[in-house]
Amino acid sequence: MENKHKKFIRRSLYLANKGMGEVFPNPMVGCVIVKENEIIGEGYHKKFGGAHAEINAINNVINKNDIEGASVYISLEPCTHFGKTPPCTDKLIEYKPKEVIISNTDPNPLVNGKGIKKLRNNKINVISGVLEKEGKILNKRFFINQEKKRPYIILKWAETSDGFIAKEDGSSKWISCKASRTLVHKWRSEETGILIGVNTANKDNSRLNVRLWEGRDPIRVILDPYNKLEEKTNILNDPSISLIYNNMLNKTQGQKHFIKISPFKLENICYDLYKRGIYSLLVEGGGFTLNKIIEKNLWDEARIFKSQLKFSKGIKAPNIKKNTYEKIGEDKLFKITRNA
Ligand SMILES: NC(=O)c1ccc[n+]([C@@H]2O[C@H](COP(=O)([O-])OP(=O)(O)OC[C@H]3O[C@@H](n4cnc5c(N)ncnc54)[C@H](OP(=O)(O)O)[C@@H]3O)[C@@H](O)[C@H]2O)c1
């Protein structure tokens, strides 16, 4: 049987996950308060700007005196600073639990160990690192944002059984099956941004929005160093926001933002995206763009559909090591996660 600490931290991670899509750029956090092996209160961070998990868990306890001597399980170290809400560490100290068990320390420099230190200074026993890997996976976007000051980057492409992402004439529509394409729309709804290279924007005239799933459209990002994006494209003509990175001009026309980055370096673009609140990016190609990001080591996950089609020649798919796969309709889906 799983030990007690793991069991209740797992519950805190489960609760944290309920905040998915609602709390960013904050991390998802869950909290469980346990007395004599029974959960007496629990809560999670529900909305950005709203109460933190610890406060919701405390509020959930019927008799607040029961918190004295209890064990508090939190998926992330409690905060010590005044943000949109007062520090949770102080609130916990006020209720005198005997111990606090944590999955991850908070990488945010405003916290980063200070919460643990303050609890210990107030004679509360702290254990950290319980199910640490699971906690990091849950908040993978937040950890990359904090540690690397860039969006969490997911590469996505579809390739034929013989490894091509497009034909020689540049046509690539429908390499993957309908079920895979639906899944891609779900993924689009889960990230803040979506990025493509200018050739894909011109050739595919992509809209990059969420149509086969319900949810928010990601913000579109185009890499177009020499302003080759054609006037007729959806990117320039529909009402949605587009960030067009180039090395020539800074200008805003309605919802179209031309952003000059000179020299045109991926690292600088990633930092600029992070500063603009793009905390995660789905990169949907094409080959040149994907290869550049791989070359620069600027990716965290790859999701690759392999279809049963065969092209024999065309634009080669990037070459990264794949192993196990799952079946999505007629396609194989390979998922590669780095540092997990
Ligand atoms: N099967 C799939 O999953 C899939 C997905 C998307 C696209 N596609 C296909 O792929 C084809 C397009 O691929 P592609 O490789 O030709 O083009 P691409 O990656 O869409 O665009 C490449 C262009 O974008 C600019 N660019 C991108 N990253 C850059 C960087 N890091 N630094 C400087 N410039 C950068 C450059 O513009 P400049 O040339 O102006 O310097 C570059 O030539 C299309 O035919 C499309 O249908 C397939």
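Here is how the numbers come out for the structure above:
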read-out	value
Nitroxide proxy distance, nm - points 7 Å out along Cα→Cβ at Lys98 and Gln308	6.2
Reciprocal mean inverse distance between Cα atoms of the range 155-202 - Kirkwood radius, Å	12.2
Range of Cα positions in the range 268-324 per principal axis (Å), largest first	42, 25, 17
Local net charge near Tyr325, Cβ-Cβ under 12 Å (Lys/Arg +1, Asp/Glu -1)	+4
Orientation-averaged projected area, Cα convex hull of the chain (nm²)	19.2
Segments 18-25, 110-117 sorted - mean Cβ within 10 Å per residue, highest first	110-117, 18-25
Dipole of the range 4-140, positive end: most advanced residue of Ile124, Pro107, Gly69 [Cβ charges, Cα centre]	Pro107
Within the chain, percent of DSSP bridges classed antiparallel, to nearest 5	40
Neighbour-limited loop hits for chymotrypsin sites (Phe, Trp or Tyr not before Pro), the range 66-97 (at most 14 other Cβ within 10 Å; DSSP other than H, G, I, E, B)	Phe82
Normalised contact order of the chain, rounded percent, pairs of Cα under 8 Å and 6 or more residues apart	15
Equivalent ellipsoid, the range 90-207 (semi-axes from 5 times Cα gyration tensor eigenvalues, Å)	47, 14, 12
Highest-fluctuation residue, Val72, Val283, Val210 considered, GNM on the chain with Cα pairs under 10 Å	Val210
The range 4-140, relative contact order in percent, only Cα pairs under 8 angstrom and at least six apart counted	22
Principal semi-axes in Å for the range 149-337 [√(5λ), Cα gyration tensor, largest first]	26, 17, 17
Cα gyration tensor of the range 5-68 - equivalent ellipsoid semi-axes, whole Å, descending	21, 14, 7
Violating pairs (Cα-Cα greater than 25 angstrom) within the set Lys260/Lys335; Lys148/Lys265; Lys91/Lys275; Lys178/Lys275; Lys84/Lys186	Lys260/Lys335; Lys91/Lys275; Lys178/Lys275; Lys84/Lys186
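Throughout, read-outs are computed from the coordinates displayed, never taken from laboratory work. The shown structure was predicted, so the numbers you read here are calculated from the model rather than taken from an experiment. Because the Cβ atoms are built from the backbone with ideal geometry, glycine has one as well, and the counts that use them run over all protein chains shown.
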